[in-house]
């Protein structure tokens, strides 16, 4: 398997379980990692948005990453979230990172300062040059207020050998289709929205970086694996069965919904760090009902 092949299928954007004191619950995290691996996911995404990494100290992020690497133990590839709105700070962080056990980085478009497309191109070229492992772009304008256009994505795909794919979470299927239509053959387009994974894979995407896979790893992996084989007849019923739950966990933001569902499943305590908060009682009860009806 080449470096460009390892991030096909289902990647799980790991949550971070916390104890009541809001310290990291490493024992629950280890159980979660073992469960998603034995249930068939294809790779792990560490320190992504879903992990609440933005609320952690640098020492916590370092300890968490090392724990994930040790717990995975080489059983699956690991993709590390490394992004920011200060290009030099990101490249400096890359230079200081121990990449043992890390197979790639996921780098989000810069947030808050709303760069032009030329700025995005130079930003990601700098990251690609600095990174000793392959880079996956991450376009999520709903969080960053910055959309990376299809033309920008395709320019980076063609000019930067170390940029091997994109997690596309714009929700804009027209943009996704343009990337898929014109991309280099080896460049991966990965769904960043659980609910859009089936249609995106029908159009040619190579899988998903999934939130629901924290709680439903086998179901999500089965659906994605059927789609990768072109067996959409078997993939569609799984998509339809998961769809209400996939939509519900995002109704009041991520990772509030997935943490509530994981508590309902008896896997973690439903604890988040401010400024994030627990979902409403109404949504919690809805998740309970949906889970019971699966």
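Within the range 182-209, can you find the residues that are assigned to a loop (DSSP other than H, G, I, E, B) and farther than 18 Å from residue 138 by Cβ?
184, 185, 186, 204
Considering the range 245-264 alone, what residues qualify as being in contact (Cβ under 8 Å) with a residue 60 or more places away in the chain and either loosely packed, with under 14 Cβ neighbours inside 10 Å or in a loop (DSSP other than H, G, I, E, B) (or both)?
Matches in the range 245-264: 254, 255.
Tell me which residues, restricted to the range 134-156, are surrounded by 19 or more Cβ atoms within 10 Å (Cβ to Cβ) and either in contact with a helix residue (DSSP H, G or I) (Cβ under 8 Å, 6 or more places away or on another chain) or assigned to a loop (DSSP other than H, G, I, E, B) (or both).
Residues of the range 134-156 surrounded by 19 or more Cβ atoms within 10 Å (Cβ to Cβ): 134-140, 144, 146, 148, 150, 152-153, 156.
Within the range 134-156, 134, 135, 137, 139, 140, 146, 148, 150, 152, 153, 156 qualify.
For the range 206-214, check the following and say yes or no: at least one residue is touching a strand residue (DSSP E or B) at 6+ places or on another chain (Cβ under 8 Å), surrounded by fewer than 19 Cβ atoms within 10 Å (Cβ to Cβ) and under 25 Å from residue 39 (Cα atoms). So that I can check it myself, show each step before the final result.
Taking the range 206-214 as the starting set, the residues that turn out to be touching a strand residue (DSSP E or B) at 6+ places or on another chain (Cβ under 8 Å) are 206-211, 213-214.
Those left that are additionally surrounded by fewer than 19 Cβ atoms within 10 Å (Cβ to Cβ): none.
No; the residues of the range 206-214 include none that is touching a strand residue (DSSP E or B) at 6+ places or on another chain (Cβ under 8 Å), surrounded by fewer than 19 Cβ atoms within 10 Å (Cβ to Cβ) and under 25 Å from residue 39 (Cα atoms).
Do any residues in the range 265-286 that are in contact (Cβ under 8 Å) with a residue 60 or more places away in the chain and on the phi < 0 side of the Ramachandran plot have Cβ atoms under 6 Å from those of residues that are surrounded by 11 or more Cβ atoms within 10 Å (Cβ to Cβ) and part of a loop (DSSP other than H, G, I, E, B), where the two are at least six apart or on different chains, and which pairs are they?
268/17; 273/22; 273/52
Would you confirm, using the coordinates I've provided, whether residue 259 is within 18 Å of the chain's Cα centre (by Cα) and closer than 30 Å to residue 152 by Cβ? Write out each step before concluding.
Working: within 18 Å of the chain's Cα centre (by Cα): yes; closer than 30 Å to residue 152 by Cβ: no.
No.
Just so you know, all these numbers are worked out from the coordinates, no wet-lab data involved. These numbers were taken from a predicted model, which means no experiment stands behind them. Because the Cβ atoms are built from the backbone with ideal geometry, glycine has one as well, and the counts that use them run over all protein chains shown.
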